[in-house]
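Below is one structure; the comments refer to it alone.
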Amino acid sequence: MMPSFFFAHGAPSLVIENHEYTQFLKQLASQLPEKPKGIVIFSAHYESLMQEVGSVDTYGTIYDFSGFPDEMYRMTYPAPGDKPLANRVSELLSGSGVASRLDSERGLDHGSWAVLKLIFPEADIPVVALSVNRHLTNQQQYEIGRALGKLREEGILIIGSGGIVHNLRRLAWGSGPDHIETWASEFDKWIEEHLTSWNTEELFRYEELAPNARMAVPTSEHFIPLLLAMGSGDSNRQAKLLHRSYQLGSLSLTAWQF
């Protein structure tokens with residue numbers, strides 16, 4: 001069975017950075033049981049009130065950022081789409097009571113292409129991009145992921161791309177990689193405890209139960225991909241922390257496998 005993953009995508013510049021996390025991502029493909037037949041990816045930067053499912057021939061590259069080095073605006077990630085897989089995703093969602101619509105135009109935002117370019121630089125694996133909806137409950141997010149869990153048995157890699165601790169207003173500019181804000185690590189550790197014990201009852205209530213939740217997750221769109229990826233692993237309910245480091249004091253660079 002193909003694993004599913006949650007990856008923090010950090011800043012858009014992640015794709016040109018060189019540190020432990022990017023080195024981890026660059027070697028991840030070699031650790032998979034086989035080359036994925038396709039990739040289904042949820043990005044925090046693709047929001048829609050109705051679940052959207054990418055159904056394109058080839059993805060364009062969206063530069064949804066400003067003020068970064070020129071080389072980033074020359075990068076492309078022309079991943080092929082997979083319309084049969086997009087239809088399969090829509091069918092699975094419909095079977096679980098989730099309405100969706102196919103999108104034939106949108107490219108890949110940096111939450112998708114920056115991560116995929118590090119892991120699969122050749123852009124030779126078909127991709128289906130999926131939106132997130134911050135207005136659903138945490139349990140509903142999980143159920144969307146669970147609806148797609150069967151794809152893992154078909155050689156499809158499921159990825160959620162976001163950030164567990166993601167408060168850009170609380171970044172400690174100028175701090176080194178060893179500086180970690182206590183409030184950020186406390187929240188991350190609480191999430192780790194509840195992921196590894198698969199305590200969905202409390203995890204779905206993280207906003208009220210987790211320490212420093214409002215500070216760590218001021219808006220939920222970056223946290224949602226974690227619940228989506230976790231839900232896709234419902235059949236075996238095993239969560240493994242693969243990597244965790246921090247940038248600027250609190251921006252957690254985290255990788256989870258389900």
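Only helical runs count toward this figure. For the chain, summing -39,500 (n - 2.57) over DSSP H runs of n ≥ 4 and dividing by all residues gives -9000 deg cm²/dmol at 222 nm. Computed from the alpha carbon atoms alone, the convex hull of region 40-85 holds 88 Å³ per residue.
What is the gain in length, in nm to one decimal, between K83 and S30 on full extension, counting 0.36 nm per residue of separation less the C-alpha to C-alpha distance?
Net length gain for the segment: 16.4 nm.
In terms of distances greater than 25 angstrom between alpha carbons, the cross-link table entries K37/K240; K35/K117; K117/K189; K150/K189; K37/K83 yield K117/K189; K150/K189.
Please compute the contact order of the chain in relative form: average sequence separation of alpha-carbon pairs under 8 Å and at least six residues apart, divided by the residue count, as a percent.
It rounds to 32 percent for the chain.
Ranked by the mean number of other Cβ atoms within 10 Å per residue, highest first, peptides 80-86, 131-137, 60-66 order as 80-86, 131-137, 60-66. Amide H to amide H distances under 5 Å link H243 with A255, where only residues 5 or more positions off or on other chains count and H is placed in the peptide plane.
Exposure proxy ranking for M230, M75, based on other Cβ atoms within 10 angstrom of each Cβ and starting from the fewest, stands as M75, M230.
Descending by average beta-carbon neighbour count within 10 Å, the peptides 142-150, 195-203, 117-125, 29-37 line up as 142-150, 117-125, 195-203, 29-37, the highest first. Highest mean packing comes first when the peptides 231-244, 95-108 are listed by Cβ atoms within 10 Å, giving 231-244, 95-108. The dipole here belongs to the chain: it is taken about the Cα centre, uses +1 on the Cβ of Lys and Arg and -1 on the Cβ of Asp and Glu, and is about 220 debye.
To the nearest Å, what is the center-to-center distance of region 196-258 and region 35-80, using C-alpha atoms only? Computed from Cα coordinates, the inter-centre distance equals 22 Å. Compute log10 of I(q)/I(0) for region 1-128 with the Debye formula, placing one identical point scatterer on every Cα and leaving out solvent, at q = 0.20 Å⁻¹, to two decimals. At q = 0.20 Å⁻¹ the computed log10 ratios are -1.25.
Rule-based calculations on the coordinates, nothing more; no lab input. Owing to the predicted nature of the structure, the values given are computational and were not obtained by experimental measurement. Don't worry about glycine lacking a Cβ; one is built from the backbone with ideal geometry, like all the others, and counts go over all protein chains shown.
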